[in-house]
């Protein structure tokens, strides 16, 4: 019985399947790194963005299927006579806990005024809390590098 199970497992990870898994790990890691780099660059550049006054149009807590919660803050602002809406509060990684969501919603109550930092090259991109903390991004980048390394090692038969 054990021998049959081992043979089944070996067949499952034949060279063809190993190549597909390796390629998948490399692709997922690469795409995730792309998203992390874009978020990190926007967060860092937002420190130099101009600011305008905006109005909080909506401030609610959204319950997630996994039991977590997130704050949903919708705000409106005008740049150069054009009206915009956004819901990005920060580029930082925010824990998906009810307590964190309640704190954010309390900070940005509906119909209150808020300072909005907008991208001067594309005013539709805005944030309420400019900047970004580096450690969460470094953890994410490290995880992606590990994924990609595992894919490369698997692809070249080293594991």
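The C-alpha atoms of the chain define a longest principal axis, and helix 15-45 lies at about 20 degrees to it.
So how far, in whole Å, is the C-alpha centre of the range 120-158 from the one of the range 21-61? The range 120-158 and the range 21-61 have Cα centres separated by 9 Å.
Rounded to the nearest 0.05, the FRET efficiency derived from the C-beta distance between residue 88 and residue 30 at R0 = 35 Å is 0.90. For the range 46-131, DSSP calls about 95 percent of its internal beta bridges antiparallel.
Please state the shape class of the range 101-159: rounded when a/c is under 1.5, otherwise prolate if a/b exceeds b/c and oblate if not, all from the C-alpha gyration tensor. Don't skip to the answer; put the middle values down first.
Numbers: a/c = 4.40, a/b = 2.57, b/c = 1.71.
Prolate shape, in that a/c is at least 1.5 and a/b is the bigger ratio.
Spin-label model, residue 156/residue 21: points 7 Å from Cα along the beta carbon direction are separated by 1.9 nm.
Calculated [222 nm] ellipticity per residue, helices only, for the chain: -16000 deg cm²/dmol; basis is -39500 (n - 2.57) per DSSP H run with n ≥ 4, divided by all residues, nearest 500. Sorted into 5 angstrom bins from 0, the C-alpha pair distances of the range 46-131 split as 3, 16, 25, 23, 17, 10, 5, 1, 0 percent. Once the Cβ-Cβ distance between residue 149 and residue 44 is put in as r, and R0 is 35 Å, what FRET efficiency do you end up with, to the nearest 0.05? Between residue 149 and residue 44 the formula returns 0.85.
Is the shape of the chain rounded, prolate or oblate, going by the alpha carbon gyration tensor and its root eigenvalues a ≥ b ≥ c, with a/c under 1.5 for rounded and a/b larger than b/c for prolate? Prolate shape, in that a/c is at least 1.5 and a/b is the bigger ratio.
Just to confirm the number: angle between the C-alpha axis of helix 98-107 and the first principal axis of the chain, 0 to 90 degrees, nearest 10? Once rounded, the angle reads 20 degrees.
Stretched out fully, how many nm does the piece from residue 74 to residue 99 gain, at 0.36 nm a residue minus the Cα gap?
Values: separation 25, 0.36 × 25 = 9.00 nm, distance 1.91 nm.
Between residue 74 and residue 99, full extension yields an extra 7.1 nm.
Backbone N atoms of the range 83-113 closer than 17 Å to the 7 Å Cα→Cβ label point of residue 61 belong to residues 94-110.
Sorted from greatest to least, the principal axis extents spanned by the alpha carbons of the range 25-95 come out as 46, 32, 18 Å.
Every number here is computed from the coordinates shown, using simple stated rules; none is lab data. Since the model is a prediction, treat every value here as computed from it, not as a measurement. Reconstructed Cβ throughout: ideal geometry from the backbone, glycine too, with neighbour counts over all protein chains shown.
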